[in-house]
There are 2 protein chains.
Amino acid sequence: MSATDVTAPVARDGNASSRVAAGIRDAIAHGEYPPGSRLRQEEIAERFGASRVPVREALRALEAEGLVTLVANAGAWVSRLTLAECEEVYQTRERLEPLLLRHSAPHLLPEDLDRLEALATAMAATDDVGEFLRLDREFHMLSYSRADTLMLGDLVERLWNTTQPYRRAYTMLADADTRRIMHDEHHLMVVALREGDVEGAERTIEGHIRRTRRLLSRHPEVFSAE
Amino acid sequence: MSATDVTAPVARDGNASSRVAAGIRDAIAHGEYPPGSRLRQEEIAERFGASRVPVREALRALEAEGLVTLVANAGAWVSRLTLAECEEVYQTRERLEPLLLRHSAPHLLPEDLDRLEALATAMAATDDVGEFLRLDREFHMLSYSRADTLMLGDLVERLWNTTQPYRRAYTMLADADTRRIMHDEHHLMVVALREGDVEGAERTIEGHIRRTRRLLSRHPEVFSAE
DNA sequence: TACGACAGGATTGGATCCAATCCAAGGGCC
DNA sequence: GGCCCTTGGATTGGATCCAATCCTGTCGTA
């Protein structure tokens, strides 16, 4: 392979279908395609500069991830959750994230812990909901990032993705007290991780998710939208 | 393709890609495609009487389920697990199946309980490994069958599917004592369910899975096969 | 006016065709 | 003899084309 073989159609980083799937995932996360909105193959194909074949493969993958709902001969829609279904996702997270944290915690680096602390502080300081959501996601994902897992990490990320569209809505509904408690929990988790208290960190994350679940169960109006 | 296309219409119910995905899933479960074996698109297409397009969609879906591993421009293989990865799946099941059972248990019908008892008894009686695996899967899936869940039920089924190829191998390695304990646990679960003791049933299934995980961790030779 | 049949367009599903990539075997060169 | 390059076949990836299905608006009739 000569050094001049630059073969630089750089844009294509992996297959088209993976790229399209990642793009749709991202667009949904950013609220570009809200829950219940229709996904037309041709529109997506044009947007990502591909034909409909890789788009269809991407939609199949996203369906298996739970992000998209396919109906034969009808089309694809961004999955919409009822309150009960969202609670189910949170119940599941309540079980899985402590386990994932257990895998990750022992391998977190000092710089990770510093970053976690900075994120927790930044979250407490910001008033912008979008910024808060971004920081919150980074905080939790960073805490899991050192887990060497086959599927558990991906699984948790998927659960986050399916509920992401609703997070914004109910985050705004949290009162000052609730928000303060959330921030305390974040800081508690950093402390536990610094002390190498994995079990304490696990309990904290479990309580954190449970509290969030209860918060959203008090706000069914977020899901009623037709 | 002959001019008079008399090929049996292969009972096309639903899309081709769903059918193909289900078929591959089934073939893997039955050991027809062992872990690590390659899946050629054309061969699968011919087998299911479809073109390669729906096959590729099916493979994408199965990849998202964790059953198949895709490598760009190289091909698809049945996912192969290391011992550590298999333990991870069991750890995950340990957390999720009690939760799923909690959703299902209150809605189990008397006839379900009778069937569960019959299955537990039949399992204790049989000496055929294939038969045992079939009964075992039916037992557990039946215990979850009344759960009205969005994704938790599917998720657990997927975890079963990814480890199914290994179950046969280590089941044969269980000694008489271990086997007796497993049967006791099955019967205990039926009793707990009959008494409406959901928490007891949860504890039993958790212990059952943990015990199985420990059993397989003592038999790394099942996974070493290159 | 209400309701059902129907036609047209729009959209999805599937098959075939072509391009890009990979793998293995064989030949040339040091 | 060993190593690198090339070349052919095999396989995957993507695009275009065609068929099947669905949705919608319109017309006709009771």
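The values are calculated or read from the model by the stated rules, or taken from the named source; none is laboratory data. Please read these numbers as outputs of a predicted model, since none were measured by experiment. Neighbour counts run over all protein chains shown; Cβ positions are idealised from the backbone, glycine included. Ligands, DNA and RNA are excluded from the accessible area calculation, which covers all protein heavy atoms including side chains. Shrake-Rupley method; radii C 1.70, N 1.55, O 1.52, S 1.80 Å.
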### Message
If I ask for residues that are in a helix (DSSP H, G or I), surrounded by fewer than 21 Cβ atoms within 10 Å (Cβ to Cβ) and within 14 Å of DNA strand D (Cβ to nearest atom), which ones from segment B:19-47 would you list?
### Response
B:Gln41, B:Glu42, B:Glu43, B:Ala45, B:Glu46, B:Arg47
### One residue from B:Thr171, B:Thr126, B:Thr178 being on the phi < 0 side of the Ramachandran plot, without any contact (Cβ under 8 Å) to a residue 40 or more places away in the chain and in contact with a Phe, Trp or Tyr (Cβ under 7 Å, 6 or more places away or on another chain)
B:Thr126
### Summary
Apart from one, (1) within 16 Å of DNA strand C (Cβ to nearest atom); (2) part of a loop (DSSP other than H, G, I, E, B); (3) not polar (S, T, N, Q) all hold for B:Ala76; the odd one out is (2)
### Task
May I ask you to list the residues in segment B:125-156 that are farther than 24 Å from B:Asp197 by Cα and among the charged types (D, E, K, R)?
B:Asp127, B:Asp128, B:Glu131, B:Arg134, B:Asp154
### Summary
Those residues of segment B:166-197 that are open to solvent by less than 40 Å² (accessible area, probe 1.4 Å) and away from every other protein chain (no Cβ under 14 Å) come to a total of 14
### Query
Consider A:Ala50 against the criteria (1) in a loop (DSSP other than H, G, I, E, B); (2) modelled with pLDDT of 95 or more; (3) surrounded by fewer than 17 Cβ atoms within 10 Å (Cβ to Cβ); (4) not acidic (Asp, Glu): it satisfies all of them except one. Which criterion is unmet?
(3)
#### Entry: segment B:12-41, residues that are within 13 Å of DNA strand C (Cβ to nearest atom) and without any contact (Cβ under 8 Å) to a residue 12 or more places away in the chain
B:Arg12, B:Asp13, B:Gly14, B:Ala22
### Task
Could you list all residues from segment A:135-153 that are under 10 Å from the mean Cα position of the chain (by Cα) and open to solvent by 30 Å² or more (accessible area, probe 1.4 Å)?
A:Arg137, A:Glu138, A:Met141
### Query
So A:Leu62 clears everything in (1) open to solvent by 10 Å² or more (accessible area, probe 1.4 Å); (2) within 11 Å of chain B (Cβ to nearest Cβ); (3) assigned to a helix (DSSP H, G or I); (4) touching a helix residue (DSSP H, G or I) at 6+ places or on another chain (Cβ under 7 Å) except one condition, right? Which one?
(1)
## Note on the structure
Only one of (1) within 9 Å of DNA strand C (Cβ to nearest atom); (2) under 18 Å from the mean Cα position of the chain (by Cα) does not apply to B:Ser51, and that is (2)
#### Entry: Residue, farthest from B:Leu150 (Cα to Cα), within segment A:79-96, restricted to residues that are at the interface with chain B (Cβ under 7 Å from one of its Cβ atoms) and open to solvent by 20 Å² or more (accessible area, probe 1.4 Å)
A:Arg95
### Task
Kindly provide the set of residues from segment A:125-162 that are part of a loop (DSSP other than H, G, I, E, B), within 13 Å of chain B (Cβ to nearest Cβ), touching a His at 6+ places or on another chain (Cβ under 8 Å) and not hydroxyl-bearing (Ser, Thr, Tyr), ordered by number.
A:Ala147, A:Asp148
### Task
Being more than 10 Å from every other protein chain (Cβ to nearest Cβ) and open to solvent by 60 Å² or more (accessible area, probe 1.4 Å) is the filter here, so list the residues in segment A:97-108 that pass it.
A:Pro106, A:His107
